[in-house]
Amino acid sequence: MDGEEQFFDAVTGFDSASSSGEFSETSPQDAGESPPQENGVRKHRTSLPAPMSSRSDFTVWSILRKCIGLELSKITMPIAFNEPLSFLQRITEYMEHVYLIRRASCQPQPLERMQSVAAFAVSAVASQWERTGKPFNPLLGETYELVREDLGFRSISEQVSHHPPVSAFHSEGLRQDFLFHGSIYPKLRFWGKSVEAEPRGTITLELLAHQEAYTWTNPTCCVHNVILGKLWIEQYGTVEIVNHRTGDKCVLHFRPCGLFGRELHRVEGHIQDKNRKKLFIIYGKWTECLWGIEPAAYESFRKQERRGAPRRPSLDGDVADMVPEAQEAAQVIPGSKLLWRASGRPPNSAQMYNFSSFALSLNELEAGMEERLAPTDCRLRPDIRCMENGDMDVASQEKERLEEKQREARRGRAREETEWQTRWFRRGKNPHTGSPDWLYTGRYFERDFSGCPDIY
């Protein structure tokens, strides 16, 4: 546990080394065998069973050359281009920096809460840096649960639609201090040299003690050099975070790298009140850290900079090839406040699909866990498990078998003229925006898994 988490444990009174006991059905003892512990805190694994395999034997161009400008969700890619996680597990990585939600909950002023919420929204995309493997497309009805008593939350997600693919998720604080939920339906397109992922869908964070709800959408993610050269990732677009109680808004601009790479990974924006008065300036890098400063101090610094500060040298060469090495640290303006810093990755991350420590733990299947998981949980999915273990041939065969089983089930429903019924989420409207959404039924952790579909 890092220093920031220890600090927020002290502020909120939440002991991250132990559970409150409210959710005893998910405690490690239910598994029949206690997982490894250190100082009373459950230890999570620090590496995968096998390192990632080489992708040099495949040519992406032979697969994608006929797909320029098209939506890629229906295109079958070789399993070597995947990472051993389902997309449901990937979206659960939003919770890696959950301490930022706890920080927001204990802040007395709306402006301070919005600063922490903005930091949380940016932190959610930080794990994607250098993650060039594609997560597995979830099967219809697939689920993923994650209970982290040490971090104070539990989460459940479900693949509620296959065409179009829609993933619904719901996380809640174990002290009933927050709800975090939404539904995402990413649109993937190939543009010749890059693959673009537009994450459509609304994300909602509710701070229950303050009766506040914040909503936003994620920026667009783009993977460059998919044909030739070193793969690299950028995020771009405008993210607007709205506090529906106060009318405050945080507007964040994820900058595209630009012609010479000067804007690579940069995030800039501000918090404004309901009358559009700027209250706070935010800047930094989504791969690194986020800072904030008062508007007057920010404008004063920029004015001095324009009066004669030397310009930084331009970056030359083919940006598409050299940008990954152009890692210029974010410039910190004097008087700034650190809002968030990205977690360091383990030393073996490059051999483990560039996973963070949090990501490395997501597919753990501890002794006895299978008995209390839903039979649709990602951890039980055989193609992902085989890939994680380094058995690529069997993983590929299992992936084809599961996809054919899914197609046959769809044909069976068509013959019987029946519709797929979701299990843990239902169609509805977002209570704060009024837009279509998928809402959690609240019944998953009762653990009645009778009637769950056989998808594996």
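The values are calculated or read from the model by the stated rules, or taken from the named source; none is laboratory data. Just so it is clear, the structure is predicted and the values come from calculations on it, not from any experiment. Neighbour counts run over all protein chains shown; Cβ positions are idealised from the backbone, glycine included. Just so you know, the surface numbers come from the protein's heavy atoms only, side chains and all, with ligands and any DNA or RNA stripped out. Shrake-Rupley method; radii C 1.70, N 1.55, O 1.52, S 1.80 Å.
Which whole-number value in Å² is the accessible area per residue of segment 376-456, probe 1.4 Å?
58 Å²
Extending 7 Å from Cα along the Cβ direction at Ser343 and again at His44 yields two label points whose distance is 0.5 nm.
Counting only residues at least eight positions apart within a chain, or on another chain, the lysines with an alpha carbon under 20 Å from that of Lys405 are Lys74. Largest first, the extents of the alpha carbon coordinates of segment 170-300 on the three principal axes equal 51, 43, 25 Å.
Histogrammed with a bin width of 5 Å, the alpha carbon distances of segment 335-395 distribute as 4, 14, 17, 20, 16, 11, 8, 4, 3, 3, 1, 0 percent, first bin at zero.
Its residue count N fixes a reference of 2.2 N^0.38 Å for segment 72-192, and the Cα radius of gyration divided by that reference is 1.18.
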